[in-house]
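Everything on this sheet refers to the single structure shown next.
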Amino acid sequence: MNNQCLVSVENVSFIYSKTKVLSEITLKITRGDFLAVIGPNGSGKTTLLKLILGLLQPNEGKIQILGKDIKKFSLWNKVGYVPQKATHVDPFFPASVLEIVAMGLLSSKRFPRFITKSDEKKIDQALELVDMQKFKTTRIGELSGGQQQRVFIARAIVNHPDILFLDEPTAGIDGASQARFYDMLDILNRIQKITIVLITHDIGVVNKYIMKIACLNQKLIFHGSHDQFCQSSVIEEFLKGEQHLICHRH
Amino acid sequence: MGIFSYHFMQRALWSGILLSIACAMLGIFLILRREAMIGHGLSHIAFGGVAIGLFFHVLPMVTSLLVVSVAALGIVKIKEKAGVYEDTAIGIFSSIGMAAGIIIASLAGSFNVDLMSYLFGNILAISSLELWISLALTMTIFISIVLFYRELMFITFDPESAKASGMKVSRLESLLAILTAVTVVLGMKIVGLLLVTALLVIPSAAGLQVGKSFGQTLLLSILVASLSVFLGLIFSFYGNIPASGAIILIASLFFLSLFLFRILKIKYSLSG
Ligand SMILES: Nc1ncnc2c1ncn2[C@@H]1O[C@H](COP(=O)(O)OP(=O)(O)OP(=O)(O)O)[C@@H](O)[C@H]1O
Ligand SMILES: [Mg+2]
């Protein structure tokens, strides 16, 4: 099962109305990867993720996920997704944490998708992993942004997915919580064997955990291991002096 | 309770409670999706549908169900495909429905009285057949919501994640639109087109004031809705006032009380 390709993006280009956002991207994500996708604002990171998840259709190229063309893909329970700005929650939405995490289970269930006692056990376990079991019956809108983000991660991992996509999950989360958050991702990756694709701007944090880096700016500027990244000359100009943040190993 | 020994009052009570439950179940989704006004728009379109039915001597319930369902799907599709805001799409469709209704109504002035009964409803004149139709339609809505409950909650809360979880978002949205269309048509005979919007919005808005979870909010809305019908009918009987008006005013009182309860609770917990 090692070295199995979970996601394959082949020659993909994407155009929003008139502007080309992504151009000829080719990228493979292998089982077990902890991949960081970095790049400036507007470089197409979120767009690439939406293409991989089938939320947008590419103008050119081919996308496969878990060995299937995205258009025919149906094993959604093997995929977890934490969207960008998940924290923009309607504060009056009347759903409890339990109900939010239960949404994550729906993709693994057949119609009619009722939640059973054994499902509640899975929800408890997911909430425990993100340390939110105390808030099970709290209304989602009554939690802080960071706590909400944890709930969305619980929702994304409640099915034990093969691959987890996170779009800037720590935006607006305090430093200490961020460190704990990345420790948690590390555990998910190494112990639960979940492949992780993380879009992030905290390149400082990237250093400690990340195995691979993809650098995006309309084109894929770099994709490879952390060490290769530090030896590469292409990215020196791209990171504008911040390279030492990533490449300085403790 | 002497008043419910009359058959017409029994029929009014049951058809009213069934309708209000259907409205409460749909209303919570519509409000949270910022589509509360879709009932309002569809009721205008239903007016056009009724006029068509009266004009061609076809059962108005049938023609309006047809017209309203098509319009409801049209609104969903226009929003999805053309990027028109939902309220704009509702505005366009409802104006067309209303305009067509007015023209057809004036072409043959003889049915104006009938048309009025659809605008204001007449819960006390519900026939047995109409009661059975309401029962069937309400059961359809009830079963659909129960079967698709979690999916509808998911697409309401976060449509994008729902789609990335393999939920058929656009199909579920169409389902919601069709169910709303059915409810509006069901409601026009009972509380009238002018007030069916109120039943779609007010009980759910009341439930939303205090519900701690989605399930709790839904149950509370249903409770408020059926209590409003029950009390409204009693007031209308003894006070000799129109039933539909009484029902809506009582629902509004429930909303106001629960709203004040929430505000006072916040204030109290701040000072205490
Ligand atoms: N809905 C849209 N319509 C038109 N253009 C869009 C839309 N969404 C994004 N874009 C454009 O596509 C480009 C890439 O956007 P994208 O959201 O993928 O960037 P990003 O790398 O995720 O940025 P950020 O770091 O700010 O999240 C941007 O230039 C943006 O202007
Ligand atoms: Mg982004």
Original post:
Does residue A:53 count as surrounded by fewer than 21 Cβ atoms within 10 Å (Cβ to Cβ) and more than 8 Å from ligand 1 (Cβ to nearest atom)?
Top reply: no
**OP:** Could you tell me whether region A:166-174 includes any residue that is crowded, with 20+ Cβ neighbours inside 10 Å, within 14 Å of chain B (Cβ to nearest Cβ) and more than 16 Å from ligand 2 (Cβ to nearest atom)?
**Re:** no
**OP:** Would you check which residues across region B:72-91 are crowded, with 20+ Cβ neighbours inside 10 Å and in contact with a Ser or Thr (Cβ under 8 Å, 6 or more places away or on another chain) and list them?
**Re:** B:72, B:76
**OP:** Among the residues of region A:56-80, write down those that are within 10 Å of chain B (Cβ to nearest Cβ), open to solvent by 20 Å² or more (accessible area, probe 1.4 Å) and within 20 Å of residue A:196 (Cβ to Cβ).
**Re:** A:75, A:76, A:77
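One residue is enough: does region B:215-228 have a residue meeting the conditions touching a residue at least 40 places away in the same chain (Cβ under 8 Å), within 13 Å of chain A (Cβ to nearest Cβ) and open to solvent by 50 Å² or more (accessible area, probe 1.4 Å)?
no
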Original post:
residue A:88 fails exactly one of the following numbered conditions: (1) away from ligand 1 (no atom under 16 Å from the Cβ); (2) surrounded by fewer than 16 Cβ atoms within 10 Å (Cβ to Cβ). What is the number of that condition?
Top reply: (1)
**OP:** Tell me which residues, restricted to region B:179-201, are over 10 Å from the mean Cα position of the chain (by Cα) and either open to solvent by 10 Å² or more (accessible area, probe 1.4 Å) or within 14 Å of chain A (Cβ to nearest Cβ) (or both).
**Re:** B:189, B:194
**OP:** Please indicate, with yes or no, whether at least one residue in region B:127-140 is at pLDDT 90 or above, open to solvent by 20 Å² or more (accessible area, probe 1.4 Å) and within 14 Å of chain A (Cβ to nearest Cβ).
**Re:** no
**OP:** Sort out which residues of region A:30-88 are of a type in the set (Ser, Thr, Tyr) and either within 13 Å of ligand 2 (Cβ to nearest atom) or touching a strand residue (DSSP E or B) at 6+ places or on another chain (Cβ under 9 Å) (or both), and write them in order of number.
**Re:** A:30, A:43, A:46, A:47, A:74, A:81
**OP:** Scan region A:16-30 and give yes if some residue there is open to solvent by less than 60 Å² (accessible area, probe 1.4 Å), within 24 Å of residue A:183 (Cα to Cα), more than 16 Å from ligand 1 (Cβ to nearest atom) and not hydroxyl-bearing (Ser, Thr, Tyr), otherwise no.
**Re:** yes
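The values are calculated or read from the model by the stated rules, or taken from the named source; none is laboratory data. Since the structure is predicted, the reported quantities are computational estimates derived from the model, not experimental observations. Cβ coordinates were reconstructed from backbone atoms using ideal geometry, including for glycine residues, and neighbour counts include every protein chain displayed. Accessible surface is based on the protein model in full, side chains and every heavy atom, while ligands, DNA and RNA are left aside. Shrake-Rupley method; radii C 1.70, N 1.55, O 1.52, S 1.80 Å.
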